[in-house]
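**Q** Take a look at the following structure, please.
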Ligand code: AMP
């Protein structure tokens, strides 16, 4: 057996040989001429000259050996629906969806925006796009009109695929009115909207624009739509993520590199095998959903569970904190993927639920998206009696950057550490301002990746190469390195520990949110003149957003009832603009915000005060009383 150290070294020292070998994990229509083209850093082209297709590797490829095996298991504890699609069934549904999209005018390279709940049709739509070479842009169903509109504007989709609604905790959440409003707000208008009607919410169809999936599906029931053979570097999808400005970034991925990266990660990291079942509790709106609900498990020939619902509600819609474990038992799940927040929710349930079901099929639980605290890791590890594997990555990377690769060599995990650099990632710690490499264990620096970034990593920001280079590759003076914008330290064994973001991005229940986006929404309120939003540590969600607003009329501050009313109005505004995920936990009103003399908001000082920490060096602060106001407001919460 190869040692992981050798495996890793080869990936960094001989990337061409290493990735040429990994490329044999997928099927190619045409072999590639060149493995890695890094002639124009930081842009990388993987597998130039080759042709393949993501959908072929996820679906068609398996028809020969496993057509009758489960591929997609759609389970909803919201509607009670539970349905298994074999690879054969999935092949049929994806072709029906592909034919429907083509009938609506979608051609290779066109964008298709997908705004859907966790239903099988969402996966059909993603795979159908990959099949015909259209670029999908999945937008999280929990986002509201404002967020959706900015994504429609940027992606300029020809078609939008959506649904009448989602459901949460038994309550229907209509999507269509939000979608109609978003299309109204956007200057780009899609030429067609394809809607899956689940019978959850009434829909008003726009004549000539809106079409029902059920009807198109019938029309194209026997459609045969072969996979388009795409150049390796053809764009497979974009996914929007938050950064330090209000404008979301469209993270863009290729076709071949991503397919190879996922196939390799399923083997080396997740150690999942064809014929088994993978269960990721994420959402298709996030990168984990793209890589490890839809594509990764299917590429590996595994069945994947797509679960709509809370972790605490059973199929009979009654409270059941054991629903996930019930599914693990029923579908003999071998590999599971979730987020620390979800485990913290389960921690409040009866621990007996972890032993009530037969979980003997389960080999490992992977957790990602936010720091995994030691008590949570210990609780779930002891309860399930399987390894808990923390893994650190980003929307930008598409697959884990730091974890352990048990498929290559078993290594122990360390509580509090996501692990060591994965093959292909030349991870370093650099001094924030000097750019000097930090090699002494325990020194704190910015976690960066030296190019070429591995297959599967983002190619660029959709239609904005300059923003890609300036945002990610120019933040450390004098060095062209990719910044993760995370602080980290490394111990003497090479294990990394992630210490939080270096920028204004916050992480609420594993959801990445830009504080600027929330600030922009709040500043739109007619009575607000200025606002600062910070992320504050929270026992359940990791972080929550706290907003401090300056009002145009400061006399309102003396009227507690008026302040409470305004707080509710502001929260509602954020709900409507961005969605409930972005809603601040509290909105507090002050007369002035802490700023430097040059006018820069001191978010880190505000955050420190909210968390009861020392606010640090305040010599550059304009008005020290401003921070006292924050302190007073927090104490009166
Ligand atoms: P996203 O792009 O939404 O996946 O968010 C990526 C960010 O989440 C990273 O830059 C980290 O700040 C944080 N993150 C993801 N996984 C972990 C982890 N395992 N441990 C600590 N932080 C994490």
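Taken together, the values in this text are just the output of simple stated rules run on the coordinates, not laboratory data. Predicted, not measured: the structure shown is a model, and the values here were computed from it. Cβ sites come from the backbone with ideal geometry, for glycine too, and all protein chains shown count toward neighbours.
**Q** State the Kirkwood hydrodynamic radius of the stretch 99-208 in Å, one decimal place, computed from all pairs of distinct Cα atoms.
**A** Hydrodynamic radius (Kirkwood, Cα pairs) of the stretch 99-208 is 13.8 Å.
**Q** Same structure, new question: Tell me the Kirkwood hydrodynamic radius of the stretch 227-359 in angstroms, computed as one over the mean inverse distance between distinct C-alpha pairs.
**A** With all distinct Cα pairs of the stretch 227-359 included, I get 16.6 Å.
**Q** For residue 598, put the label point 7 Å out on the Cα→Cβ axis and report which residues of the stretch 494-515 keep their amide N under 20 Å from it.
**A** Label zone hits: 502-505.
**Q** Across every pair of different alpha-carbon atoms, what Kirkwood hydrodynamic radius in Å does the chain reach?
**A** 25.3
**Q** Using a Förster distance of 45 Å, how high is the FRET efficiency between residue 410 and residue 108, based on the Cβ-Cβ distance and rounded to 0.05?
**A** 0.55
**Q** Consider a paramagnetic label point 7 Å from the Cα of residue 480 along Cα→Cβ; state which residues of the stretch 17-44 have an amide N under 18 Å from it.
**A** Under 18 Å, as judged by backbone N against the label point of residue 480, lie 36-44 of the stretch 17-44.
**Q** Sorted by packing (mean other beta-carbon atoms within 10 Å per residue), highest first, where do 448-461, 466-479, 128-141 land?
**A** Ranking, from highest mean packing down: 128-141, 448-461, 466-479.
**Q** Considering the Cα trace of the stretch 576-615, what is its radius of gyration and what is Dmax, both in angstroms?
**A** That works out to 12.8, 35 Å for Rg and Dmax.
**Q** Would you mind calculating the gained length between residue 188 and residue 34 on full extension (0.36 nm times residue separation, minus the Cα-Cα distance), in nm to one decimal?
**A** Answer, rounded to one decimal: 51.6 nm.
**Q** Another one. Using the Cα atoms of the stretch 37-139, I'd like the radius of gyration and the largest Cα-Cα distance, Dmax, both in angstrom.
**A** Expressed in Å, the Cα Rg and Dmax of the stretch 37-139 come to 16.0, 53.
**Q** Expressed in whole Å with the largest first, what are the equivalent ellipsoid semi-axes of the stretch 328-391 derived from the C-alpha gyration tensor as the square root of 5 times each eigenvalue?
**A** Value: 18, 14, 10 Å, ordered largest first.
**Q** For residue 493 and residue 219, what is the calculated FRET efficiency with R₀ set at 45 Å and r taken between the beta-carbons, to the nearest 0.05?
**A** With R0 = 45 Å, the Cβ-Cβ based efficiency is 0.15.
**Q** Another question, if that's okay. So how compact is the stretch 246-297: Cα radius of gyration and Dmax in angstrom?
**A** 12.5, 43
**Q** Per 0.36 nm of contour for each residue apart, how much would the distance between residue 463 and residue 273 grow if the chain were fully extended, relative to their Cα-Cα spacing?
**A** 64.7 nm
**Q** Okay, moving on. Compute the normalised compactness of the stretch 185-261: alpha-carbon radius of gyration over 2.2 N^0.38 Å, N being the residue count.
**A** Rounded to two decimals, the normalised Rg is 1.54.
**Q** Moving on to the next point. Hey, with R₀ at 22 Å, roughly what FRET efficiency would residue 358 and residue 316 work out to, going by the Cβ-Cβ distance, to 0.05?
**A** Efficiency for this residue pair is about 0.60.
**Q** Still on this structure, please answer the following. Return the calculated 222 nm mean residue ellipticity for the chain, to the nearest 500 deg cm²/dmol, obtained by summing -39500 (n - 2.57) across DSSP H runs with n ≥ 4 and dividing by the residue count.
**A** Dividing the helical sum by the residues of the chain leaves -8500 deg cm²/dmol.
**Q** Still on this structure, I have one more. Expressed in whole Å with the largest first, what are the equivalent ellipsoid semi-axes of the stretch 476-549 derived from the C-alpha gyration tensor as the square root of 5 times each eigenvalue?
**A** Each semi-axis is the square root of five times an eigenvalue, giving 30, 17, 8 Å.
**Q** Still on this structure, I have one more. Given the stretch 523-637, report the % of alpha carbon pairs whose separation exceeds 21 Å.
**A** 35
**Q** Run the numbers for residue 554 and residue 14: contour at 0.36 nm per residue of separation, minus the present Cα-Cα distance, in nm.
**A** 188.1 nm
**Q** Taking 2.2 N^0.38 Å as the expected size of a compact globular protein, what ratio does the Cα radius of gyration of the stretch 417-573 give against it, to two decimals?
**A** Dividing the Cα radius of gyration by 2.2 N^0.38 Å gives 1.32.
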